[in-house]
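What follows is a set of notes on a single structure, which appears directly below.
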Amino acid sequence: MTLPMTVPAQGLPARVRIHEVGARDGLQNESATVPTEIKAEFVRRLADAGLTTIEATSFVHPKWVPQLADAERLFPLVGGLEGVHLPVLVPNDRGLDRALALGARRVAVFASATESFAKANLNRTVDEALAMFEPVVTRAKAEDVHVRGYLSMCFGDPWEGAVPVPQVVRVCRALVDMGCDELSLGDTIGVATPGHVTALLTALREARIPAAAVGVHFHDTYGQALANTYAALHHGVTTVDASAGGLGGCPYAKSATGNLATEDLVWMLQGLGIDTGVDLDRLVATSTWMAEQLGRPSPSRTVRALSHKEQ
């Protein structure tokens, strides 16, 4: 019998789009430099496993995120993948220029729900950061480019503690109003719980921001990422960010541990009968390969379980 056994639950979507962040968010916090060709091969293998949205890189200044300093060399190596969206992060007009010059058709800006993280990550206040993003989003939309708005610290902040739900909704509303096609709600330090997720999504719906325009981005610091994802699915969310092998953290929030592992997410969704289009065996093989390149085992429980089973 094939496992996991499929047992659907009521009130869940039939399909979930996984926004794979391993090649960008997963690798940006590595202490050792990952060669460009290894990154490109990682993206190709992720695509071969059936992932259709793979965040490729970030066009930030190399001083701030040196692991992604090779964006201009990497993007042309993967840009021709058929049927695969390759969003990239752009912090400002210069980043957008660099991305558009290489043919990027999906970009993302990254805002903060809290003043402390906005200062640490962008050296600006929340409102100053939004003002910086507005012309970037406007110009991207004029070029018919899809824009995602990342929002960090939606559920808690290492400096400020609890983050009021209305505070998060205000910034979400600003990102939507400036033209973002999609939001990604970030639990940057992994402190969210299912009730908190439900409360924020309810507040966003009341603010006329539909679940269809929202993705969720959970870190697994306290082991809550899958539970929080399940709560979001019950609230109509159909886009979930995840990182192959559970790679990643946040270079500006030292308490942030790895992202939700894509394999763990796919295992749960398969058990619920929810389609992702992902071949789990190929994905596990990809993460096992990447772990070998990094010289350490994958933190994903599903990768470890299935890799051990194959041995």
20 °C / 1.002 mPa s Stokes-Einstein diffusion coefficient of the range 45-123, Kirkwood radius on C-alpha pairs, µm²/s: 159 µm²/s
Lysine-lysine proximity count for the chain, Cα under 20 Å, sequence distance 8 or more or distinct chains: 4
Inter-centroid distance (Cα atoms) of the range 42-82 relative to the range 126-153, Å: 20 Å
FRET efficiency for ARG105 and MET5, using Cβ-Cβ distance with R0 set to 41 Å, rounded to 0.05: 0.55
Extension gain from ARG170 to GLU82, taking 0.36 nm per residue of separation minus the Cα-Cα distance: 28.0 nm
Under 5 Å, built H, 5+ apart or other chain: amide partners of SER184: GLY149, TYR150, LEU151, GLY215
Cα-only radius of gyration and Dmax that characterise the range 2-143, units Å: 17.1, 52
Hz values of 3J(HN,Hα) by residue in the range 117-130 - Karplus curve (6.51, -1.76, 1.60), Gly and Pro given as x: 6, 4, 5, 5, 8, 10, 6, 9, 6, 4, 5, 5, 5, 4
Computed magnitude of the charge dipole of the chain (debye, nearest 20; Cβ of K, R +1, Cβ of D, E -1): 120 debye
18 Å cut-off, amide nitrogen to a point 7 angstrom out along ALA203 Cα→Cβ, residues in the range 105-134: 111-118, 126-127
Å² of accessible area per residue within the range 38-97, as computed with a 1.4 Å probe and no ligands counted: 40 Å²
Tensor-based shape of the range 171-289 (alpha-carbon gyration tensor, a/c under 1.5 rounded, otherwise prolate or oblate): prolate
Positive-pole candidate from ALA56, LEU183, PRO35, dipole of the chain, charges at beta carbon: LEU183
Rg to Rh, two decimals, where the range 264-311 supplies the alpha carbon set and Rh follows Kirkwood: 0.99
Net charge dipole size for the range 60-212 [Lys, Arg +1 and Asp, Glu -1 on Cβ; Debye, nearest 20]: 80 debye
Alpha carbon convex hull of the range 1-72, volume per residue in cubic angstrom: 147 Å³
Fully extended contour minus Cα-Cα distance, from ASP279 to ARG94, at 0.36 nm per residue: 62.9 nm
Per residue value of the accessible surface for the range 139-189 (all protein chains in place, 1.4 Å probe), Å²: 36 Å²
Which of SER112, LEU96, ALA129, positive extreme of dipole for the range 89-138 (C-beta unit charges): LEU96
Estimated dipole of the range 123-219 in Debye, rounded to 20 [Cβ of Lys and Arg +1, of Asp and Glu -1, Cα centre]: 160 debye
Principal axis dimensions, the chain - Cα atoms, whole angstrom, descending: 54, 43, 35
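The values are calculated or read from the model by the stated rules, or taken from the named source; none is laboratory data. Fair warning: this is a prediction, and the values are worked out from it, not measured in the lab. Positions of Cβ are generated from backbone atoms using ideal geometry, with glycine treated the same way; all protein chains shown enter the neighbour counts. Accessible surface is based on the protein model in full, side chains and every heavy atom, while ligands, DNA and RNA are left aside. Shrake-Rupley method; radii C 1.70, N 1.55, O 1.52, S 1.80 Å.
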